[in-house]
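J.: Take a look at this one; I'll ask things after.
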Amino acid sequence: MESENNQELVCEMKTQLSDQEVIQLEKQNSRMVTQFMADKIERESKKHWDLFYRRNETRFFKDRHWTTREFVELTECGSKGKTVLFEVGCGVGNLMYPLLEDGLNLFVYACDLSPRAVEFVKNHNQYSEERVSAFQADITGDDLTSNVPKESVDIVSLIFVLSAIHPDKHAAVLMNLLPVIRPGGKVIFRDYGLYDMTQLRFKPGHKIADNFYMRQDCTRSYFFSTEYLEKLVTECGFEVKSNSYVYRRTVNKKEDIDVPRRFVQAVFVKPTSKS
């Protein structure tokens, strides 16, 4: 994961890897994360994310003001009455609070694996139980209907969330979300794309499985292809509305950073019927 204390600009599409990038990816296979360590990180993922928020508090991520630019679904919130948004993996509220501050007619459910992150959400000066219900949850297995009524959610946000979860559990997350989404409700998705700069920079000793890596702080990151995502969501019962790579540049003039980025951005829909 990276700090969002950067400016994001559109860049040209990169069509193929360079020879050096291919070599770098091959080197990652020379020393994989051991199965013992991979299993340990999986068991302790909640602890590592709580430590992350203890270290960084609310400073690491900038508020995500770009979401209404990228997802028309958010700009339409409240146009036909109050919209119910479920921010999954809410962190400290960097997506939902800008939306509420913009005056959108929303009620927000928000959950995170880290209890500390949820406390930061609740301590925010914009927090009100009339507009927000925040709770701790493991979205890979916890019963979400104990906090979110069945078929009540209009929009689910999965923004840089699924990548932090083992790919063996991606389907479980989507299946776990289905009961709380109303028929016709949408999931907005953005995450790391296959061969993004951050994937290419991993050194040997960090790769857990195909396109899945361990960071220095023992949090993890998966890198998505559009093909993988489409197969995943359709097999879980969703319909794909859009699914494409998004190419950007991350620019931080203060730190002399200017690098190309590759994300996957998608919208998928819970069908209105099983036909």
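J.: What ranking do 128, 221, 157 get, fewest neighbouring Cβ atoms within 10 angstrom at the top? Can you show the working numbers first?
T.: Working: 128 9, 221 22, 157 27.
Starting with the residue having the fewest Cβ neighbours, the order is 128, 221, 157.
J.: With n ≥ 4 as the cut-off for DSSP H runs, can you work out [θ] at 222 nm for the chain, using -39500 (n - 2.57) per run divided by the number of residues, rounded to the nearest 500?
T.: Only helices count here, giving -7000 deg cm²/dmol.
J.: Which FRET efficiency, nearest 0.05, do residue 210 and residue 47 yield, Cβ-Cβ r, R0 30 Å?
T.: Efficiency at R0 = 30 Å is approximately 0.75.
J.: Using the crude model of +1 on Lys and Arg Cβ and -1 on Asp and Glu Cβ, and no other charge, please compute the dipole size for the chain relative to its Cα centre, in debye to 20.
T.: 240 debye
J.: If you build the convex hull over the alpha carbons only and average its shadow over all orientations, what do you get for segment 136-177? Give it in nm² to one decimal.
T.: 3.1 nm²
J.: Name the longest site-free stretch of the chain, where the excluded sites are trypsin sites (Lys or Arg not before Pro) in a DSSP loop with no more than 15 other beta-carbon atoms within 10 Å.
T.: Here the longest segment lacking exposed loop sites spans 202-252.
J.: Just to be sure I understand the model, the point goes 7 Å from the Cα along the line to the Cβ. What's the resulting residue 82 to residue 235 distance in nm?
T.: 3.8 nm
J.: Please report the antiparallel percentage of DSSP beta bridges with both residues in the chain, rounded to the nearest 5.
T.: Rounded to the nearest five, the antiparallel share is 55 percent.
J.: Among DSSP beta bridges lying fully in segment 157-257, give the percent that are antiparallel, nearest 5.
T.: 60 percent
J.: Still on this structure, please answer the following. Dividing the convex hull volume of the Cα atoms of segment 96-186 by its residue count, what figure in Å³ per residue is obtained? Walk me through the intermediate numbers first.
T.: On the way: hull volume 9.4 nm³, N = 91.
Dividing the Cα hull volume of segment 96-186 by its residues yields 103 Å³.
J.: Under 8 Å for C-alpha pairs, at least 6 residues apart: give me the relative contact order for the chain, rounded to a whole percent.
T.: Averaging sequence separation for qualifying contacts and normalising by length gives 22 percent for the chain.
J.: Considering the chain as a Gaussian network with a 10 Å cut-off on Cα pairs, which listed residue, 81, 93, 141, attains the greatest mean-square fluctuation?
T.: Top of the fluctuation ranking is 81.
J.: If I histogram all Cα-Cα distances within the chain using bins 5 Å wide from 0, what percent of pairs lands in each bin?
T.: 1, 5, 12, 17, 19, 19, 14, 8, 4, 1, 0, 0
J.: When the scattering of segment 130-226 is computed by the Debye formula from its Cα atoms alone, each counted once and equally, what is log10 I(q)/I(0) at q = 0.18, 0.20 Å⁻¹?
T.: -0.89, -1.02
No value in this document is a laboratory result; all are computed from the given coordinates. None of the values given here were measured: they were computed from a predicted structure. Cβ sites come from the backbone with ideal geometry, for glycine too, and all protein chains shown count toward neighbours.
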